[in-house]
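Have a look at the structure below, then the notes.
The values are calculated or read from the model by the stated rules, or taken from the named source; none is laboratory data. Given the structure is predicted, the values throughout are model-derived calculations rather than measurements. Backbone-built Cβ (ideal geometry, glycine too); neighbour counts: all protein chains shown.
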């Protein structure tokens, strides 16, 4: 018969592990109770994992919906990932204000080109488009709905991924919040003061716009709401 190893007490190893600053966030929330601070960190880690599970489904849905919208409408002779005049590669200049040099022109598609080219180097020039699409990060897909891409991407292509009447700004705000949340969860940042319920609403709404069936699937398998109810008592 085996017995579970009891958890060690909340000694100074906590600060050595998390850093004094990060452990201090949980210690402050626990009003100086070191054991409860560790319980809060454990809960935060479990919540991060649950969020990443749901956000992973969202990321796959977003990239595949955008790719399908581009596939259905792009008429160029080369694939839209690689066409020099395509919406992801053609130079798109915008004025960036601020900084020591004052206003300057920046090509906001430069990062997209670098991301696509990096995937091509990893998988080879003959890799199928699906391989490249799957390699591009959420950070790539997130910015395709920005105001700078409204005329080049949203109007001709990406609005088709959503029901008629869906506004770009509405979608972009929610996707931006979800991208930020994914980054925080992926880096194990504290979730203690974040409006997680609102982000869950954003997630369900955007997924519901992209794929109503998937929205029900994510809701059925999500553990986020249950974990929010299990947060260690203040």
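One table, with the values for the structure above:
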quantity	calculated
Selected residue [part of a helix (DSSP H, G or I) and within 17 Å of the chain's Cα centre (by Cα)] from 226, 148, 215	215
Count of residues meeting criterion [modelled with pLDDT of 95 or more and assigned to a loop (DSSP other than H, G, I, E, B)] in the range 125-145	4
Subset of the range 166-201 that is exposed (fewer than 15 other Cβ atoms within 10 Å of the Cβ) and within 14 Å of residue 228 (Cβ to Cβ) - its residue that is farthest from the chain's Cα centre (by Cα)	193
Given (1) surrounded by 10 or more Cβ atoms within 10 Å (Cβ to Cβ); (2) more than 19 Å from residue 76 (Cβ to Cβ); (3) out of contact with any helix residue (DSSP H, G or I) (no Cβ under 7 Å at 6 or more places or on another chain), number of the condition residue 98 does not satisfy	(1)
Some residue of the range 151-161 being out of contact with any helix residue (DSSP H, G or I) (no Cβ under 8 Å at 6 or more places or on another chain), surrounded by 15 or more Cβ atoms within 10 Å (Cβ to Cβ), at pLDDT 95 or above and under 20 Å from residue 112 (Cα atoms)	yes
Residue 209 vs. criteria buried (at least 19 other Cβ atoms within 10 Å of the Cβ) and either in contact with a strand residue (DSSP E or B) (Cβ under 7 Å, 6 or more places away or on another chain) or not in a loop (DSSP other than H, G, I, E, B) (or both)	no
Those residues of the range 93-112 which are part of a loop (DSSP other than H, G, I, E, B), closer than 18 Å to residue 139 by Cβ and either touching a residue at least 40 places away in the same chain (Cβ under 8 Å) or touching a strand residue (DSSP E or B) at 6+ places or on another chain (Cβ under 6 Å) (or both), in sequence order	108
Selection count, the range 18-47, where residues are under 16 Å from residue 193 (Cα atoms), surrounded by 16 or more Cβ atoms within 10 Å (Cβ to Cβ) and either free of Cβ contacts under 8 Å to residues at least 12 places away in the same chain or more than 27 Å from the chain's Cα centre (by Cα) (or both)	3
Some residue of the range 167-179 being within 14 Å of residue 66 (Cβ to Cβ), out of contact with any helix residue (DSSP H, G or I) (no Cβ under 8 Å at 6 or more places or on another chain) and part of a helix (DSSP H, G or I)	no
